[in-house]
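A short write-up of the structure that comes next.
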Amino acid sequence: MKPFELVITPGDPEGIGPEVTAKALDSLRSELQGVHTLIVGSRAPFRKLQKHLKGIDHDFFEPPERSSPGYQSGWSIETATQMVLAAPASRVLVTGPISKERLQGAGFPFHGHTDFLAHLSRAKPVTMMLANDLFRVALVTNHCPLSEVSAKIHRKSLEVAIRNSSDFLTGMLGVKNPRIAVLALNPHAGEGGILGKEESKVIVPALQAIGKTLPAVTLTGPHPADSFFAIEAARPAKSRHHLILALYHDQGLIPVKLSNFSESMNMTLGLPFVRTSVDHGTAFDIAGKNKADSGSMRYAIRNALGLIKKRRTS
């Protein structure tokens, strides 16, 4: 049986990605025993930070010399994805923060990791999920303008997110009968149509139809989003839903990051391999100053390894 390999893209070389990567790896030394780490990105930022990763079994795969930070980010994602696709049973991918503006400026026409990874792996439609020890929140829409959200909420988009979420819960976590809560789009879940009709005309009929095709899954909602997270957090752990489905980016991500910003992660559901990521951006303003909190990178690495170990033994 092949040993586990941790494939990491630190992200934009001028952001905090290299720093949080080095700090996280250093803090996880005991958990990385027997794990080979492949760092797909420039060694230069690690040298500048005087982070030499001594005692950690690792190799660097360097991008082309003198390439722009945006190109290095895209090159690293492409290279790392090919590595993981070649051995998805023994390799996991953990990604650091990138600048979407720089990525696109370097010729990679993607809104971020989620659609880039789906393209590279030729995966079916994928779903973004943010998670910590309190909440798992998957998104129906992710990086799109708020003005476009309503038009993107329909049975097909809901079904993709629900099926990817269900597959993750049953296939990776071993949950036999998942409970998934679906949030409403409008205030007070539309207030009987007074504040919006998406709930009654789109969401409720879609959940009823999707529920018939997934008899092992309990779907609840649409729940008013302003109060649901507080209610859910107050419940005993065994009574909570296994996952919450938010309809747009900030609706789901604000509560997750508020509940524990330092120990939350991003994950892509629907890929043919395990991929986790930090829940934050490049923070160019503090890059290179040894001020970055590595908690999210540590959490992403720990969970990536835990998921692939669980997959191998299940």
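The values are calculated or read from the model by the stated rules, or taken from the named source; none is laboratory data. In this text, all values refer to a predicted model and were calculated from it rather than measured experimentally. No Cβ is skipped: glycine too gets one built from the backbone with ideal geometry, and neighbour counts run over all protein chains shown. What goes into the accessible areas is simple: the full protein's heavy atoms, side chains included, and nothing from ligands, DNA or RNA. Shrake-Rupley method; radii C 1.70, N 1.55, O 1.52, S 1.80 Å.
Just flag the chymotrypsin sites (Phe, Trp or Tyr not before Pro) in segment 242-275 sitting in loop per DSSP whose Cβ has no more than 14 other Cβ atoms within 10 Å.
PHE261
Of the peptides 101-114, 81-94, how do they stack up when ordered by the mean number of other Cβ atoms within 10 Å, highest first?
For the peptides 101-114, 81-94, the packing ranking is 81-94, 101-114.
List the residues of segment 182-205 whose backbone N lies under 11 Å from a point placed 7 Å from the Cα of SER150 along the Cα-to-Cβ direction.
Counting only backbone N, you get 186, 195-199.
Report the gain in length on full extension from GLU101 to SER67: 0.36 nm times residue separation, minus Cα-Cα distance, nm rounded to one decimal.
Numbers: separation 34, 0.36 × 34 = 12.24 nm, distance 1.59 nm.
Working it through step by step, the gained length comes to 10.7 nm.
State the percentage of accessible surface on segment 168-245 attributable to carbon and sulfur atoms; use a 1.4 Å probe and exclude ligands, DNA and RNA. Please list the in-between numbers first.
Working: 2290 of 3900 Å².
C and S atoms contribute 59 percent here.
I'd like the Karplus ³J(HN,Hα) series for segment 279-286: coefficients 6.51, -1.76, 1.60, θ = phi - 60°, whole numbers in Hz, and an x wherever there's a Gly or Pro.
Computed from phi, the couplings for segment 279-286 are 9, 9, x, 6, 6, 4, 5, 10 Hz.
Whole-Hz Karplus ³J(HN,Hα) for segment 162-174, in order, using 6.51 cos²θ - 1.76 cosθ + 1.60 and θ = phi - 60°, x for Gly and Pro?
So the Karplus estimates, Gly and Pro as x, are 5, 5, 4, 5, 5, 4, 5, 5, 7, x, 9, 9, x Hz.
Among 117-129, 296-308, how do they line up by average Cβ neighbours within 10 Å per residue, starting with the highest?
Values: 117-129: 19.0, 296-308: 22.9.
Highest-to-lowest ranking by the protection proxy: 296-308, 117-129.
Give, rounded to the nearest 20 debye, the magnitude of the charge dipole that the chain has about its Cα centre when Lys and Arg contribute +1 at Cβ and Asp and Glu contribute -1 at Cβ. Kindly include the intermediate steps, with their values, before the conclusion.
On the way: 37 positive and 27 negative charges, 186 e Å.
Taking the Cα centre of the chain as origin, the dipole is about 900 debye.
Mind checking the log10 I(q)/I(0) for segment 60-212 at q = 0.13, 0.16 Å⁻¹? Debye, one equal scatterer per Cα, no solvent, two decimals.
Evaluating at q = 0.13, 0.16 Å⁻¹ gives log10 I(q)/I(0) of -0.77, -1.04.
Please compute, for the alpha-carbon atoms of the chain, the extent along each of the three principal axes and give them in descending order in Å.
Projected onto the principal axes, the Cα atoms of the chain cover 60, 42, 36 Å.
Averaged over every viewing direction, what's the projected area of the C-alpha convex hull for segment 257-314? Give it in nm², one decimal, please.
Values: hull surface 20.3 nm².
The Cα convex hull of segment 257-314, projected and averaged over all directions, gives 5.1 nm².
Can you list residues whose amide H is under 5 Å from TYR248's amide H, if they're 5+ apart or on another chain and H is modeled 1.01 Å from N?
VAL140, THR141
Using a Förster distance of 41 Å, how high is the FRET efficiency between LEU195 and LYS238, based on the Cβ-Cβ distance and rounded to 0.05?
Details: r = 33 Å, r/R0 = 0.82.
Computed FRET efficiency for LEU195 and LYS238: 0.75.
Could you tell me which of THR218, HIS143, LEU130 has its Cα farthest along the dipole of the chain towards the positive end, charges placed at Cβ (Lys, Arg +1; Asp, Glu -1), taken about the Cα centre?
Farthest towards the positive pole: THR218.
Provide the packing ranking of 156-165, 24-33, i.e. peptides ordered by the mean count of other C-beta atoms within 10 Å per residue, highest first. Each step should come with its number before you reach the end.
Working: 156-165: 20.4, 24-33: 15.9.
Going from most to least packed, we get 156-165, 24-33.
Which percent, to the nearest 5, of DSSP beta bridges fully inside the chain are antiparallel?
Working: 10 of 36 bridges.
Expressed as a percentage, antiparallel bridges in the chain total about 30.
Note the direction-averaged projected area, equal to a quarter of the hull surface, for the Cα convex hull of segment 1-99, in nm².
Numbers: hull surface 24.0 nm².
One quarter of the hull surface, i.e. the mean projection, equals 6.0 nm².
For segment 31-46, in order, what is each residue's ³J(HN,Hα) by Karplus, 6.51 cos²θ - 1.76 cosθ + 1.60 with θ = phi - 60°, in whole Hz (x at glycine and Pro)?
7, 9, 4, x, 10, 8, 9, 10, 9, 9, x, 5, 7, 4, x, 5
Taking only protein heavy atoms and a 1.4 Å probe, what accessible area per residue, in Å², does the chain have with all protein chains in place?
Working: 14280 Å² over 314 residues.
For the chain, the solvent-accessible area averages 45 Å² per residue.
Grab the other residues whose beta carbon is less than 12 angstrom from that of HIS143, score K and R as +1, D and E as -1, and report the net. The partial results should precede the final answer.
Numbers: positive: LYS100, LYS152; negative: ASP115, GLU148, ASP250.
Overall, the nearby charge balance is -1.
Run the simple label-point estimate for LEU214 and ARG179 please: 7 Å along Cα→C-beta, distance reported in nm.
With each label placed 7 Å out from Cα toward Cβ, I get 1.6 nm.
For n ≥ 4 DSSP H runs only, could you compute -39500 (n - 2.57) per run for the chain, divide by its residues and tell me the 222 nm figure to the nearest 500?
When only DSSP H runs of four or more count, the value is -11000 deg cm²/dmol.
Charges at C-beta only: +1 for Lys and Arg, -1 for Asp and Glu. How large is the resulting dipole of segment 47-104 about its Cα centre, in Debye rounded to 20?
Values: 8 positive and 6 negative charges, 55 e Å.
My answer is approximately 260 debye.
For segment 212-314, treating each Cα as an identical point scatterer without solvent, what Debye log10 I(q)/I(0) comes out at q = 0.16, 0.17 1/Å?
Scattering profile of segment 212-314, log10 relative to I(0): -0.96, -1.06.
Select from MET265, LEU38, HIS249 the residue farthest towards the positive end of the dipole of the chain; place +1 on Cβ of Lys and Arg, -1 on Cβ of Asp and Glu, and compute about the Cα centre.
LEU38
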